[in-house]
Amino acid sequence: MQPGELLGSGRSADVFALDDHWVLRRYRDGGDVTAEAAVMAHLAEHGYPVPRLRGRPEGARHSAAPRTDLVMQRLHGPTMLQALLQGGLTAEEAGVRLAGLLHRLHSVPARVSADPAHRILHLDLHPDNVMLTPQGPVVIDWCNTEEGPPGLDRGMSALILAQVAVGDTARAAPARTALASLLTHLGPASTGSGGLAEARRRRAADPSMAESETRLLDDAVRLVLELAPTRP
C-alpha cells in the first residue's frame, strides 16, 4: 500500500495519510501488528474509544509474512498534550481524563487470559497518546498492549508523567499537577500491588529511552509515592 503525507512519527512507527478518513500506521522495524489490531477490535466491541480499523484484524493469520501495516480511522483534533500546552485543557483536567480512560479500560474483560484479575493494558497511556476529537477522547498507539494486572498500567501512566515532572523543562509543573490529579482520581490502589515497581523495572530496561530519561526514574518513583493518596 502506497502511503501519502507523513502525519507523525513515534519511537517505532510512522503514520501516513491515505485520505481524509483513513491513515496507515507502519512499523519501521517490520513489527507485526496482527495482535495489536485484534486487541483494538476487542476493545471497540466493548465500547472503548479506539480508532476504527479497516479490514479484518485476523486477516493476516493465514500468512507467514508479518503484517506491518495497520489501516485505521483518521482522527481529527489535538492530542491531549497539545491541548494542555495550548491552554485548551488544564493539567488537572488532563489527570481526570487519563484516570477515567484507565478506569474504563480496566473494566473491559481480557481477550485471552483466563485469570479473572487480568485486563487489557495499554502500558503507554499518557497525554500524547490521547486524541481529543469532536466525538470525545480516543486512545491511540496500542503497540505495547498486554493482558495483566491493572496496577501495572496505572503505575506506568503515573511514572511516565512523573519523569516529566521531575525533569528540568517547562513541562515539569503541568506534569506534576496532572500527575497529582491522576493519582487522586485513580485512588489509593494506584501505587499498590507492585505495579509501580514493575513499571520502573520496565522503563529502566526500555532500549528506546534516553539515558537522561532513565536517570530520572528514582526521583519519579519518589514523586509518585509522595503524591499518591493513602488508604484511610
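The values are calculated or read from the model by the stated rules, or taken from the named source; none is laboratory data. Because the structure is predicted, anything quoted here is derived from the model rather than measured. Here the Cβ is made from the backbone with ideal geometry for all residues, glycine too, and neighbour counts use every protein chain on show. Please note that ligands, DNA and RNA were not included when accessible areas were found on the heavy atoms of the full protein model with its side chains. Shrake-Rupley method; radii C 1.70, N 1.55, O 1.52, S 1.80 Å.
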Exercise. Identify all residues within region 119-134 that are in contact with an Asp or Glu (Cβ under 8 Å, 6 or more places away or on another chain) and open to solvent by less than 60 Å² (accessible area, probe 1.4 Å); write none if there are none.
Key: I120, L121, H122, L123, D124, L125, N129
Quiz item: Restricting attention to region 50-60, and to residues there that are modelled with pLDDT of 90 or more and part of a loop (DSSP other than H, G, I, E, B), which single residue is nearest to the chain's Cα centre (by Cα)?
Solution: V50
Quiz item: What tally of residues in region 103-135 results from selecting those that are part of a helix (DSSP H, G or I), touching a helix residue (DSSP H, G or I) at 6+ places or on another chain (Cβ under 6 Å) and of a type outside the set (D, E, K, R)?
Solution: 1
Practice problem: Would you point out the residue of region 74-118, among those that are closer than 19 Å to A165 by Cα, more than 13 Å from the chain's Cα centre (by Cα) and small (G, A, S), that is most open to solvent (accessible area, probe 1.4 Å)? | Solution: G87
Practice problem: Give me the pairs, please: first residue somewhere in region 28-49 and assigned to a helix (DSSP H, G or I), second residue anywhere and among the charged types (D, E, K, R), beta-carbon distance under 6 Å, and either six or more positions apart or on two chains. | Solution: T34/R67; H42/R111
Quiz item: Do we find that T184 is open to solvent by 70 Å² or more (accessible area, probe 1.4 Å) and not in a helix (DSSP H, G or I) in this structure?
Solution: no
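Okay, residues lined up against (1) under 27 Å from A13 (Cβ atoms); (2) surrounded by 22 or more Cβ atoms within 10 Å (Cβ to Cβ); (3) under 19 Å from the mean Cα position of the chain (by Cα):
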site: C143; (1), (2), (3): yes, no, yes
site: P149; (1), (2), (3): yes, no, yes
site: S157; (1), (2), (3): yes, yes, yes
site: R171; (1), (2), (3): yes, no, yes
site: P188; (1), (2), (3): no, no, no
site: G195; (1), (2), (3): yes, yes, yes
Quiz item: When region 197-210 is examined, which residues are found to be open to solvent by 20 Å² or more (accessible area, probe 1.4 Å), part of a helix (DSSP H, G or I) and touching a residue at least 12 places away in the same chain (Cβ under 8 Å)?
Solution: A197, E198, R200, R202, R203, A204
Self-check item: Test for E213: is it at pLDDT below 95, assigned to a helix (DSSP H, G or I) and at negative phi
Solution: yes
